[in-house]
Amino acid sequence: MSNGPKKKLTQKLRKNLPVTGPQAPTLYELMQWYCLTTNTHGCRRIVVSKGRLRRWIWIALTLCAVALVFWQCALLLMSYYTVSVSITVNFQKLTFPAVTICNMNPYKYSAIKPYLSRLEKDAVKILRDIYGFSEPPSRRRRDVEEPQENHTKEVDYINKIKLFQVKNIRGNDMDVEEIHTRRRSRMNARVVNRNSEVSTGNIVGYKLCDPNNSTDCTIFTFSSAINAIQEWYRLHYINILAKIPMEEKIQLGYPADELLINCVFDGKPCDARNFTLFYHPLYGNCYTFNDAKRGQLLESSMGGAEAGLKLIMYIDEEEYNPYLSTAAGAKILVHDQNDYPFIEESGTELETATETSIGMQLTESSKLSSPYSDCTIDGSDVPFKNLYGKKYTFQICLYSCFQMEMVKTCGCAHYDQPLPKGAQYCNYDEFPSWIYCYFKLHKRFVQEELGCQSMCRESCSFKEWVFTRSEAKWPSLNSEEWILRVLSWELGSKLDKKLEKNDIANLGIFYQDLNLRTIAESPASSLSNLLANFGGQLGLWLSCSMVCVLEIVEIFLIDSFWVVLRQKWHKFTKWWKSRKSQDNVEDPETIPGHDNPCLTEEDPPTFNTALQLPHADHCQVPRTPPPLYKSLAIQSNFTEHPTNYDEEIEEM
């Protein structure tokens, strides 16, 4: 009696559930079982609904709900990787930044002139050929009075890079006139306009070719001869500097006690000992105040001009190189102690005979790294070596990438960037094709073909100083006389002339206030909020929980995989059994025979030849019954009593 209700329950379950869950033989039966047993109501309604129309309605509603769940969950997942920015302002004592100061003229003209004498003569010839220019009498007299020894061998700079006066341009064809020889010719080469798009007029340019391939040439044109001659002069100037030792170049520049006349910080006097030498390839001897190498960093106790840095600098405009530095003054850069000072790109110019006041406000920014952004913390995950020895920045990465590519492509390093280990700076005595190689490589760099811009990444943290700048005439008309006398007395033996106001510049740099602005990123959503939002979307659209999600994963991934695998296995075993059964059925025409090793003739033996064969001891002869000799007797086909062979065999 006990088995009766149980048997009826089993039959009822089998009627409602004709499949056995993960053991179902087909995917259809597995899905049917899942829809009948799951807590997700939409799937169950698809199976139990009566009528085709109602079933299709539930299919459409369930698919729409699934699509909405995926859409909402995708939005939640994307919002998980967004950040919120918070800005805080704190009032506290601030570390005074590093201030790097450079004279815009890198070397004293009187000291470096022996290296540039032939180059300047050629520059004067070019100006005379174009505009009838003649050298100023004061400079000619000084050259006569102070003859200098020429430290470099004579180089024909005019023919090294020839300057042309462009008369007409038609695409890549142009009519030119060589400035020095006045020889006219027609050129066909790529034309690069360095300043602006020009097609007609009095244009000056120069042509660069690959020494190894005379057909690979580019013509660089300039809308003004000033820019053309400066660029031409700078190319030769870099080649000359590349061959001068570093110690000698430092001696050619301005010493700290001559550049910096007066220094005051936070109301206390300072001098050249508070500055650290920093050599810049283009600006020569620069000096950094409050550098990290000095040890303990200085702090500002309060805001305002009186708590900042005040400097008076000696510019010495008479010692300026007339073809290299066409502007007089100083360049300064405010930066963090761990950052490399890119004076040329980010520096601020200071005018002579002017008092410049710069008020600062500090902002510290920090970003979240992966997966929230593509920034790098310290640059260790960037595939380029930091050649500058300072804190990683995006700019350092770009220049390091270009310099390494320059060494790899052109065989030498460009003078503007640090020297990689094992390389040397370019000069056309040892590397004749480096100038043209540099221009082609730089063009690819600007067009982002080298991959530097894509592989370099922004730094996750950085400091930024926002400046408020103001200027005033200094010294005033009434104070000019006594200020110049006092400064001349302080310079003492370093000054062999009467000091003028155009030789000095005044700088004041300070914190406007001690409010530190901090911009920090934080995740917009936490993991717990993300999971809670996922659960809300699943409950809203599908009326299921995380357990139902795990059930879906189990059914659609694990069980479905095993069902398909089981079907494939059954098909394979069935195919294998059918193949074995076919192999066991032997075709009579193809039954393999057994060779008798004792028979060596090609023709089958007759009975007589078989009797004459010798007995083989080591050969396994198939066991066959002996011949029935009486059966060889000729019998008549019409014998009434046929011979009984079985009896004869028994008698034998």
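The values are calculated or read from the model by the stated rules, or taken from the named source; none is laboratory data. The structure displayed is predicted, hence computed values, not measured ones. Glycine gets a Cβ as well: all are built from the backbone with ideal geometry, and neighbour counts include every protein chain shown. What goes into the accessible areas is simple: the full protein's heavy atoms, side chains included, and nothing from ligands, DNA or RNA. Shrake-Rupley method; radii C 1.70, N 1.55, O 1.52, S 1.80 Å.
Within the range 344-380, the set of residues being touching a residue at least 24 places away in the same chain (Cβ under 8 Å), open to solvent by 20 Å² or more (accessible area, probe 1.4 Å) and either within 22 Å of GLU405 (Cα to Cα) or acidic (Asp, Glu) (or both) comprises GLU344, GLU345, GLU349, GLU351, GLU355, GLU364, ASP374.
The residue that is most open to solvent (accessible area, probe 1.4 Å), among those in the range 110-150 that are part of a loop (DSSP other than H, G, I, E, B) and at pLDDT below 55, is GLU149. Tell me whether the range 29-39 contains one or more residues that are of a type in the set (Ser, Thr, Tyr), surrounded by 13 or more Cβ atoms within 10 Å (Cβ to Cβ), more than 52 Å from the chain's Cα centre (by Cα) and at pLDDT 70 or above. The answer is yes, given that some residue of the range 29-39 is of a type in the set (Ser, Thr, Tyr), surrounded by 13 or more Cβ atoms within 10 Å (Cβ to Cβ), more than 52 Å from the chain's Cα centre (by Cα) and at pLDDT 70 or above. Among the conditions (1) assigned to a loop (DSSP other than H, G, I, E, B); (2) surrounded by fewer than 19 Cβ atoms within 10 Å (Cβ to Cβ); (3) touching a strand residue (DSSP E or B) at 6+ places or on another chain (Cβ under 9 Å), the only one that PRO341 does not satisfy is (2).
In the range 201-228, which residue that is assigned to a loop (DSSP other than H, G, I, E, B) and of a type in the set (S, T, N, Q) is least open to solvent (accessible area, probe 1.4 Å)? If we take residues in the range 201-228 being assigned to a loop (DSSP other than H, G, I, E, B) and of a type in the set (S, T, N, Q), then SER224 is least open to solvent (accessible area, probe 1.4 Å).
Scanning the range 346-364 for residues that are among the acidic types (Asp, Glu) and either in a strand (DSSP E or B) or closer than 19 Å to GLY379 by Cβ (or both) gives GLU349, GLU355, GLU364. The helices (runs of 4 or more DSSP H) falling completely within the range 393-493 that include 1 or more residues that are closer than 30 Å to ILE261 by Cα map to 480-491. Just one of (1) within 39 Å of the chain's Cα centre (by Cα); (2) in a strand (DSSP E or B); (3) surrounded by 16 or more Cβ atoms within 10 Å (Cβ to Cβ) fails for LEU311. It is (1). Under the condition of being open to solvent by less than 30 Å² (accessible area, probe 1.4 Å) and not charged (D, E, K, R), which residue from the range 314-328 is farthest from the chain's Cα centre (by Cα)? Filtering first and then ranking leaves TYR314. Every residue in the range 232-252 that is in contact with a Cys (Cβ under 9 Å, 6 or more places away or on another chain) and farther than 16 Å from TYR436 by Cβ, please. Within the range 232-252, just ALA242 meets the criteria.
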